[in-house]
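The block underneath contains the structure these notes are about, expressed in structure tokens.
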Amino acid sequence: MDDYGKIKACILQPAKVVIVSHQSPDGDSIGASLAVTHLLTQLGHEVVPIIPDPAPDFLHWMPGFDEVKVYDQEQEDCNQKIKEADIIFCLDFNDLNRVGAMAEHIRMNRNATLINIDHHREPKMFATYHYLNHHTSSTAQLVYELFDKMGFDKLFNTATAECIYTGIVTDTGSFRFSSTSASTHSITSQLIHLGVDGAQIHQRVFDNYSESRLKLLGYALNEKLLFLKEYSTAIIYLTEVELSKFHFQKGDTEGLVNYPLSINWVKIAILITEDKNKVKLSFRSKGDFPVNELAGKYFSGGGHQNAAGGMSKSSVEETLNTLKKVIPLYAEKLNA
């Protein structure tokens, strides 16, 4: 859905703007949020980016990150900013509930115009205006396309370009996922012309492990990797106790789910991690197997065909057992 004309009319006059993104922030949600922050600030808006919970350390270098407010740490101030907002940009999520406790306060501001920019399937259409395309590599790419289409391309600078590039490179797995298109590469080329150093960003995002994170990776792959070979599936499962042994920090399991996909017969890779009173699942797949369907049907999740997430209220062991029961139901698709 493309409301770019209405979105442009909405942002022509300076206003109080809040930008929100989903829980468990990643490179795309932070990159898109900061890019929009830079662009709207140049248009004279008073902009406040808010994330529900802390972002991984490897994203803190991004231009403008110091201005980001963390809702979990500054709830009263964030609620006031949401209450006062004339416009609320909702980036990189298709359901308002994905922002957690903030959702209630956003709904309470009935005077605000909500603008949703997102690339996930099955949007809930909760906003006033939408700019949506589930075929696009990332929300960061959509931000570039939208502002370019609205005629604000002259506002793109190195800081904005670095944020957009980070969003694209993280959500495409360094341009290797099937969502990467000719347009993705074309936009990336423009970002490099604007001053982006791709090698430097790759080093900051992907070559920024702590010693404990690397040891956790080794432990996960050597001790906690389970194969269901008859169903072309690999599962990594980690309890909170195991994570704590490696001084787990937010972001330490980022990308871990992708490692089993390097095995030639694996079509689905799943990561199960325990976090306080909940269990998180990350799903990845090769080819045309729709892990978003699996995540949505059994684990209250969703996402993309080849990358999705979900939650479980059961223990890690019980969640693993559930997977062992439901994966065989997809045997025909997996063995096709």
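The values are calculated or read from the model by the stated rules, or taken from the named source; none is laboratory data. As the structure is a prediction and not an experimental result, all values here were calculated from the model. Positions of Cβ are backbone-derived with ideal geometry, glycine not excepted, and every protein chain shown enters the neighbour counts.
Scan the range 31-71 residue by residue and report those that are charged (D, E, K, R) and out of contact with any Phe, Trp or Tyr (no Cβ under 8 Å at 6 or more places or on another chain). Give the steps one after another, and end with the answer.
The initial filter retains those residues of the range 31-71 that are charged (D, E, K, R), namely 46, 53, 57, 66-67, 69.
Residues satisfying the conditions are Glu46, Asp57, Asp66, Glu67, Lys69.
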Filter pass, Leu261 being outside any loop (DSSP other than H, G, I, E, B) and buried (at least 19 other Cβ atoms within 10 Å of the Cβ): no
The lone condition Ile192 fails out of (1) part of a helix (DSSP H, G or I); (2) aliphatic (A, V, I, L, M); (3) farther than 20 Å from Asn306 by Cβ; (4) touching a strand residue (DSSP E or B) at 6+ places or on another chain (Cβ under 6 Å) is (4)
Exception for Leu271 within (1) surrounded by fewer than 22 Cβ atoms within 10 Å (Cβ to Cβ); (2) touching a helix residue (DSSP H, G or I) at 6+ places or on another chain (Cβ under 9 Å) falls at (1)
Heads up, the helices (runs of 4 or more DSSP H) in the range 92-181 (entirely inside) with at least 2 residues that are within 29 Å of Gly198 (Cβ to Cβ) are 139-149, 158-171
Just a yes or no: is a residue in the range 146-158 surrounded by 22 or more Cβ atoms within 10 Å (Cβ to Cβ) and within 13 Å of the chain's Cα centre (by Cα)? no
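Just for the range 205-248: of the residues that are in a loop (DSSP other than H, G, I, E, B), among the hydroxyl-bearing types (Ser, Thr, Tyr) and at pLDDT 95 or above, which one is nearest to Val279 (Cα to Cα)?
Step one: filter the range 205-248 for residues in a loop (DSSP other than H, G, I, E, B), giving 207-210, 224, 232, 239, 246-248.
Pick out the ones that are also among the hydroxyl-bearing types (Ser, Thr, Tyr) and you get 209-210, 232, 239.
Subsequent filtering for residues that are at pLDDT 95 or above retains 232, 239.
Working: Ser232: 23, Thr239: 9 Å.
The extreme case among them is Thr239.
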Among Ser300, Ser312, the single one that is in contact with a Phe, Trp or Tyr (Cβ under 9 Å, 6 or more places away or on another chain) and either more than 17 Å from Leu226 (Cβ to Cβ) or not assigned by TED's automatic domain parsing to the domain that holds His134 (or both) is Ser312
If we ask which residues in the range 8-37 are crowded, with 22+ Cβ neighbours inside 10 Å and either under 30 Å from Phe206 (Cα atoms) or outside the structural domain of Cys78 (by TED's automatic domain parsing) (or both), their number turns out to be 17
> Is one or more of the residues making up the range 265-286 over 22 Å from the mean Cα position of the chain (by Cα) and of a type in the set (Val, Ile, Thr)?
Replying inline: yes
Among the residues of the range 17-35, is there at least one that is more than 16 Å from Ile117 (Cβ to Cβ), assigned to a loop (DSSP other than H, G, I, E, B) and among the acidic types (Asp, Glu)?
no
Sole miss for Lys81 among (1) charged (D, E, K, R); (2) within 29 Å of Asp252 (Cβ to Cβ); (3) in contact (Cβ under 8 Å) with a residue 12 or more places away in the chain is condition (2)
Over the range 276-291, the set of residues over 18 Å from Leu256 (Cα atoms) and either in the same structural domain as Phe177 (by TED's automatic domain parsing) or buried (at least 17 other Cβ atoms within 10 Å of the Cβ) (or both) is Phe289, Pro290
